[in-house]
Structures are given as structure tokens and as C-alpha cells.
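Since the structure comes first, as C-alpha cells, the remarks are kept for the end.
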Amino acid sequence: VATPVLNIIAQRDPYFSPSNSWVGATVTGDCGATLKGHGSASVVKLDTDQHTVVNQPAAREAAAPFIKRVLKLD
């Protein structure tokens, strides 16, 4: 069984974009390509440029069902 993964990131995260010279042009902004084909992975892109998104309502709305599913709380 694959490990469940939830990747929540800003669509324009300043730290994970090709415009960040510290990480190089190969950065695409999310883990979508890496997690492609991973049956238990979800990638959620929030419409923001803030790096810290964990307390945003949209992040919590995405995390709640993921946690319930993984912990089999439903």
C-alpha cells in the first residue's frame, strides 16, 4: 500500500518557482510530476503567492477530508 501524501502549495510560491535563482529552472512549483502515478497522492494548488499556506481556509478544507480518509474516520 502506498503512503498517502498531501501536497498543498501556493500556485505562485516564491520559494518553489523557476524565478527563484536559488533552486534553478527545473523547479515547477509543486510535486505533481514527482507524484504522478502515485495512487495515494493529492496535490492542491492554492491561488496565492504566500509561502506559508497551512492556516489558509482552503488548505484546511483540503486537509480535512484527506486526514479523515487516511485515518478512516468516516
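The values are calculated or read from the model by the stated rules, or taken from the named source; none is laboratory data. Note that the structure is a prediction, hence the values are computed from the model and not measured. Cβ placement follows ideal geometry from the backbone for every residue including glycine, while neighbour counts extend to all protein chains displayed. In case anyone asks, the SASA skips ligands and DNA or RNA and just uses the protein heavy atoms, side chains included. Shrake-Rupley method; radii C 1.70, N 1.55, O 1.52, S 1.80 Å.
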Single match in ALA2, ALA41 (criterion: more than 13 Å from the chain's Cα centre (by Cα) and among the hydrophobic types (A, V, I, L, M, F, W, C)) = ALA2
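How about region 36-45: which of its residues are surrounded by 15 or more Cβ atoms within 10 Å (Cβ to Cβ) and out of contact with any Asp or Glu (no Cβ under 7 Å at 6 or more places or on another chain)? Give the steps one after another, and end with the answer.
Within region 36-45, the subset surrounded by 15 or more Cβ atoms within 10 Å (Cβ to Cβ) is 41-45.
Scanning region 36-45 gives ALA41, SER42, VAL44.
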Residues within region 1-38 that are in contact (Cβ under 8 Å) with a residue 24 or more places away in the chain, under 24 Å from PRO57 (Cα atoms) and polar (S, T, N, Q), tallied | 2
Note: among ALA62, ALA33, just one is open to solvent by less than 90 Å² (accessible area, probe 1.4 Å) and modelled with pLDDT under 90, namely ALA33
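Taking into account only those residues within region 65-74 that are of a type in the set (A, V, I, L, M, F, W, C) and under 15 Å from VAL5 (Cα atoms), which is most open to solvent (accessible area, probe 1.4 Å)? I'd like the intermediate steps shown before the answer.
Taking region 65-74 as the starting set, the residues that turn out to be of a type in the set (A, V, I, L, M, F, W, C) are 66-67, 70-71, 73.
From the residues that got through so far, the ones that are under 15 Å from VAL5 (Cα atoms) too are 66-67, 70-71.
Values: PHE66: 26, ILE67: 83, VAL70: 60, LEU71: 106 Å².
The extreme case among them is LEU71.
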Residues that are loosely packed, with under 12 Cβ neighbours inside 10 Å and either in contact with a helix residue (DSSP H, G or I) (Cβ under 8 Å, 6 or more places away or on another chain) or under 19 Å from ARG69 (Cα atoms) (or both), drawn from region 1-30 = VAL1, ALA2, THR3
